[in-house]
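Notes to accompany the following structure.
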């Protein structure tokens, strides 16, 4: 599963679970609140009826008004006999002994569900409230008020429908926000992935925008630092490679000069082209060039040690005149061997100076 869908699934799951939990909790709280408000309303009617000490005519008028709100009233004496509304038959309430004792102790009974009205007729579910009548500290009976359960159920149903609409809209908005946020995070990761591909292809000049807002920006900042380090490392490698090539060219040049000298002197000795008076000097030059080759080979072997700073280079002064004289003698011997006429006068001939300068550099 791609990272985008993983994030989208995670965000949507959190949104749905949160909305479902909040919806259930809110629905239960509001449903209980509807029942509580209805109970408090019925109790307020009962308290007003008891406090005003109404006559039967007043109670009848109040009952007529409350019937418009689907509320019915009944009054019972201390013997549990109904005194209002009047009935041709003796009617008692459906309360148990424990509930009657509860009323006698001055406590009300709230939200009792019954399937009969106060006259004993079977009806749909009613929700009833029983409130005790206490006068001068004595129990005188109780007032019962009933309201159809369907009215409360209608209020709860309307509340549930409103909640479904509200939470449905919240779910749609939550999914849209989750999609936008997941797409935003995925685009940032794709930028980092494309930059990584450029790095793998050798393009170290890539740079990601950093806004310093979260961990992704910290990661992009570290990525930019890595790319900069790789770019510097590449430049250092190129510089080292150029140094190595230049060093190998210098070594080849330095080795070619003594080998050419030695080859010429050996040819001269082989074909008796060197006078007897110069043979000793020629052998000394061959030996000197041999030592020079050995030194160059040793320096070439120490090249890696020089690069790794395992060898410390120390500057020394030396007599350049002796080195120049050696070079002059080598060229003179080569000129004699090859029968090349070379006039060499470092003092009188100005054309000799560039040649001497080049020879000094090669040495």
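Where a number appears in this text, it was derived from the coordinates with a stated rule and is not lab data. Keep in mind that this is a model prediction, so the values were computed, not measured. Counting neighbours? That spans all protein chains shown, and the Cβs are built from the backbone with ideal geometry, glycine included.
The angle between the Cα long axis of helix 320-337 and the main principal axis of the chain comes to about 60°, on a 0 to 90 degree scale. Projecting the alpha carbon convex hull of segment 116-162 along each direction and taking the average yields 4.6 nm². The modelled label-to-label distance for the pair residue 252/residue 17, using points 7 Å beyond Cα in the direction of Cβ, is 7.1 nm. Round to the nearest 10 and give me the degree value, 0 to 90, for the angle of helix 276-301's Cα axis relative to the longest principal axis of the chain. Tilt relative to the chain: about 0 degrees.
Given a Förster distance of 51 Å, report the FRET efficiency between residue 101 and residue 25 from their Cβ-Cβ distance, rounded to the nearest 0.05.
Approximately 0.90, to the nearest 0.05.
In the chain, Cα pairs under 8 Å separated by at least six residues give a relative contact order of 13 percent. If I take R0 = 56 Å and measure r between the Cβ atoms of residue 234 and residue 156 in this structure, what FRET efficiency does the formula 1/(1 + (r/R0)^6) give, to the nearest 0.05? Step by step, r from the Cβ atoms, then E = 0.15. Using only alpha-carbon positions in segment 109-222, the gyration tensor eigenvalues give semi-axes of 72, 18, 8 Å once each is multiplied by 5 and square-rooted (largest first).
Mean silhouette area of segment 166-231, derived from the convex hull of its C-alpha atoms and averaged over all directions, reads 5.1 nm². Any chance you could give the angle, 0 to 90 degrees and rounded to 10, that helix 56-67 forms with the longest Cα principal axis of the chain? In the chain, helix 56-67 runs at an angle near 40 degrees to the longest axis.
Segment 34-74 has equivalent-ellipsoid semi-axes of 19, 13, 6 Å, by the square roots of 5 times the alpha carbon gyration tensor eigenvalues, sorted largest first. Taking each residue as 0.36 nm, the span from residue 64 to residue 225 lengthens on full extension beyond its C-alpha to C-alpha distance by 49.4 nm. What the Cα convex hull of segment 153-201 gives, in volume per residue, is 40 Å³. Distance between the 7 Å Cα→Cβ label points at residue 125 and residue 259: 11.0 nm. Between residue 185 and residue 242, the FRET efficiency estimated from the beta carbon spacing at R0 = 30 angstrom works out to 0.10. Between residue 6 and residue 163, the contour length at 0.36 nm per residue exceeds the alpha carbon distance by 53.6 nm.
With the convex hull drawn around the C-alpha atoms of the chain, the volume per residue stands at 325 Å³.
Which value in deg cm²/dmol, rounded to the nearest 500, describes the helix-derived mean residue ellipticity at 222 nm for the chain, given -39,500 (n - 2.57) per DSSP H run of n ≥ 4 and division by the residue count?
Values: 9 runs with 238 residues, N = 363.
The helix contribution divided over the chain gives -23500 deg cm²/dmol.
So what's segment 49-180 giving for Rg/Rh, alpha carbon basis, Kirkwood Rh from the mean inverse pair distance?
Using Cα coordinates only, the ratio equals 1.21.
Once C-alpha pairs closer than 8 Å and six or more residues apart are averaged by separation and normalised to the residue number of segment 92-176, the relative contact order reads 20 percent.
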